[in-house]
Amino acid sequence: MVDFRLSEEQIALREKARKFALEEVYPVAPYYDKTGEFPMDVIKKAHKEGLMNLGIPKEYGGPGYGALESVLVVEEMAAACAGMATTIYANDLGAEPIILMGTDEQKRRFLTPLTREPLLISFATTEPGMGSDVAGIRTTCERDGDEYVLNGSKMFITNGNHAEFIVIFARLKGTRRHEGLCAFVVPRETEGMKTYGPLKKLGHRASDTATIVLKDARVPAENRIGPEGSGFMLAMMTFMHTRPAIGAMATGLARSAMEYAINYAKQREAFEKKLYEFQAIQHMIADMYARIEAMRLLTWKAAWLLDQGENAWIAASVAKLVGSEDAMKIATDALQIYGGRGYLESYKIAKIFRDAKLYQIYEGTSQIQRHIISRYLFKEYQTLIKDF
């Protein structure tokens, strides 16, 4: 029988994350949203509290949390500020390829420093000419003795301007699509690699988003993660492990949108009644709550499958799709309850609305998630009813 009860340790971790989010993230969220400054002070505090690098194994200095613990933490962070949640969790995205396919030596060389100091690591697949189509990567790598020479550019790279290491995906010259993709850990000081930005965004303004240019950047062959040609599979495995967290972030944002709507409806009057006394408002907020409960259960299921060592490919896409779509719906409805005030930047629901959109775009758009799910349904899913 499925048991939805969290362990005492998991409850304590969630409470720790919630306390940190409410005391250290929420109060400064408006400032970082307004200025676009990088929240290094918050990152240092999160690192000190053990709320970063969640999936790094204990033998390399990390807490060794499973996927379920990770989604518990990031839901709380995103409820306080989506942008800072993205910034803090990006280390788990960047570290995941090394955790999955790196050698012991690579893990000690690249993961252990992240746990000792508040250093950052970025994940770079997206390019100016491709996003969700990882097989369309154009950045090239060419073997030259004990090194690889990388040329190309990356775009929309989280923490790219501040990362100590960047996991760059590139293709061997002469290969196309899924063939020949490789992943490399590229140190920040690598000659021939430059970062630009941050890009100015609609939302998630507390998250640094960089453009990276590689021009004859030489990377030691010992920095390649996995065999030559394994890059596409590695990227897909990484997304399977990290997409549930995007669903969890969307859940956290949606929860705050609902809570803002509840609080506003309790104090705002119209037609000589409080807003919450109107059935239309009651039903809108009831729908929000139902959607949030479903979002959370889907992220927990995907995380649980990962922790059991099961294939969570479809579950991760479902969690990401439903979470991102419903977060946008809930943010929109919450803003609608505010009426004209919701359209003012001085109300926090406006930030929620701007932040929500990104969940439908990054780590695979909603359209890509639908493509993954529909391909499974028509190629692998076995129908029990055979007629029509």
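Which members of the stretch 51-73 meet the condition of being among the small types (Gly, Ala, Ser) and either over 25 Å from Phe4 (Cα atoms) or under 15 Å from the mean Cα position of the chain (by Cα) (or both)? Break it down into steps so the answer makes sense when it comes.
The first filter runs over the stretch 51-73 and keeps only residues among the small types (Gly, Ala, Ser), leaving 55, 61-62, 64, 66-67, 70.
Passing the criteria: Gly55, Gly61, Gly62, Ala67, Ser70.
Filter the stretch 145-196 down to the residues that are out of contact with any Pro (no Cβ under 9 Å at 6 or more places or on another chain) and hydroxyl-bearing (Ser, Thr, Tyr) and list them by number.
Thr158, Thr175, Thr190, Thr195, Tyr196
Which numbered condition in (1) more than 26 Å from Val186 (Cβ to Cβ); (2) surrounded by 21 or more Cβ atoms within 10 Å (Cβ to Cβ) is the only one that Ile246 fails?
The single condition Ile246 does not satisfy is (1).
I'd like the residue in the stretch 140-165 that is crowded, with 23+ Cβ neighbours inside 10 Å and polar (S, T, N, Q) and, out of all such residues, is farthest from the chain's Cα centre (by Cα). So that I can check it myself, show each step before the final result.
The first filter runs over the stretch 140-165 and keeps only residues crowded, with 23+ Cβ neighbours inside 10 Å, leaving 141, 148, 150, 154, 157-160, 163, 165.
Cutting the leftovers down to polar (S, T, N, Q) gives us 158-159.
Values: Thr158: 10, Asn159: 12 Å.
For the stretch 140-165, the residue satisfying everything is Asn159.
Sort out which residues of the stretch 157-205 are modelled with pLDDT of 95 or more and among the hydroxyl-bearing types (Ser, Thr, Tyr), and write them in order of number.
Thr158, Thr190, Thr195, Tyr196
Any residue in the stretch 373-388 that is surrounded by 10 or more Cβ atoms within 10 Å (Cβ to Cβ) sitting within a Cβ distance under 6 Å of a residue that is part of a helix (DSSP H, G or I)? List the pairs, counting only those 6 or more apart or interchain.
Close Cβ pairs (under 6 Å, with a partner that is part of a helix (DSSP H, G or I)) amount to Ile373/Ser317; Tyr376/Ile314.
Of Ala210, Ala257, which residue is crowded, with 18+ Cβ neighbours inside 10 Å and in the same structural domain as Asn159 (by TED's automatic domain parsing)?
Of the residues listed, the single one that is crowded, with 18+ Cβ neighbours inside 10 Å and in the same structural domain as Asn159 (by TED's automatic domain parsing) is Ala210.
I need the full set of residues from the stretch 18-40 which are charged (D, E, K, R) and surrounded by 13 or more Cβ atoms within 10 Å (Cβ to Cβ), in order please.
Initial filter on the stretch 18-40 (charged (D, E, K, R)): 18-19, 23-24, 33-34, 37.
Residues satisfying the conditions are Arg18, Glu24, Asp33, Glu37.
Restricting attention to the stretch 248-267, and to residues there that are without any contact (Cβ under 8 Å) to a residue 24 or more places away in the chain and charged (D, E, K, R), which single residue is farthest from Glu325 (Cα to Cα)? Give the derivation first.
Start the filter on the stretch 248-267 by keeping residues that are without any contact (Cβ under 8 Å) to a residue 24 or more places away in the chain, which leaves 259, 262-263, 266-267.
When the remaining residues are screened for being charged (D, E, K, R), the result is 259, 266.
Working: Glu259: 18, Lys266: 27 Å.
Here the answer is Lys266.
Kindly evaluate Ala350 against the criterion of being touching a Gly at 6+ places or on another chain (Cβ under 9 Å), surrounded by fewer than 22 Cβ atoms within 10 Å (Cβ to Cβ) and modelled with pLDDT of 95 or more.
Working: touching a Gly at 6+ places or on another chain (Cβ under 9 Å): yes; surrounded by fewer than 22 Cβ atoms within 10 Å (Cβ to Cβ): yes; modelled with pLDDT of 95 or more: yes.
Criteria met by Ala350.
Against the conditions (1) assigned to a helix (DSSP H, G or I); (2) under 14 Å from the mean Cα position of the chain (by Cα); (3) among the small types (Gly, Ala, Ser), where does Ala135 fall short? Just the number, please.
(2)
Write out, first by first residue and then by second, each pair whose Cβ atoms fall under 9 Å of each other, whose residues are 6+ apart or on separate chains, and whose first residue, in the stretch 82-93, is in the same structural domain as Val71 (by TED's automatic domain parsing) and more than 24 Å from Lys107 (Cβ to Cβ) while the second is aromatic (Phe, Trp, Tyr) and in a helix (DSSP H, G or I).
From the stretch 82-93, the pairs are Ala82/Tyr359; Gly83/Tyr32; Met84/Tyr32.
Among the numbered conditions (1) within 26 Å of Ile43 (Cβ to Cβ); (2) surrounded by 23 or more Cβ atoms within 10 Å (Cβ to Cβ), tell me where Ala312 comes up short.
Among (1) within 26 Å of Ile43 (Cβ to Cβ); (2) surrounded by 23 or more Cβ atoms within 10 Å (Cβ to Cβ), Ala312 violates only (1).
Could you list, ordered by first residue, the pairs with Cβ atoms under 9 Å in which the first is in the stretch 275-293 and free of Cβ contacts under 8 Å to residues at least 12 places away in the same chain and assigned by TED's automatic domain parsing to the domain that holds Arg341 and the second is of a type in the set (Gly, Ala, Ser) and outside any helix (DSSP H, G or I), at least 6 apart or interchain?
Phe278/Ala270
Among the listed residues Glu228, Glu259, which satisfies the condition of being assigned to a helix (DSSP H, G or I) and of a type in the set (D, E, K, R)? Write out each step before concluding.
Working: Glu228 fails: assigned to a helix (DSSP H, G or I).
Among Glu228, Glu259, only Glu259 is assigned to a helix (DSSP H, G or I) and of a type in the set (D, E, K, R).
Can you find a residue that is of a type in the set (Ser, Thr, Tyr) and under 20 Å from Ile368 (Cα atoms) anywhere in the stretch 316-323?
Of the residues in the stretch 316-323, the ones of a type in the set (Ser, Thr, Tyr) are 317.
Among the residues that remain, those that are also under 20 Å from Ile368 (Cα atoms) are: 317.
Yes - at least one qualifying residue is present in the stretch 316-323.
Kindly establish whether Ala290 is assigned to a helix (DSSP H, G or I) and over 21 Å from Val74 (Cβ atoms).
Working: assigned to a helix (DSSP H, G or I): yes; over 21 Å from Val74 (Cβ atoms): yes.
Here the answer is yes, as Ala290 does meet what is asked.
To keep it simple, each residue is scored yes or no on (1) over 30 Å from Ala350 (Cβ atoms); (2) part of a loop (DSSP other than H, G, I, E, B).
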residue: Ile157; (1), (2): no, no
residue: His178; (1), (2): yes, yes
residue: Phe184; (1), (2): yes, no
residue: Lys200; (1), (2): no, yes
residue: Ala206; (1), (2): no, yes
residue: Val213; (1), (2): yes, no
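The values are calculated or read from the model by the stated rules, or taken from the named source; none is laboratory data. If you're wondering where the values come from, they're calculated on a predicted model, not measured in any experiment. Backbone-built Cβ (ideal geometry, glycine too); neighbour counts: all protein chains shown.
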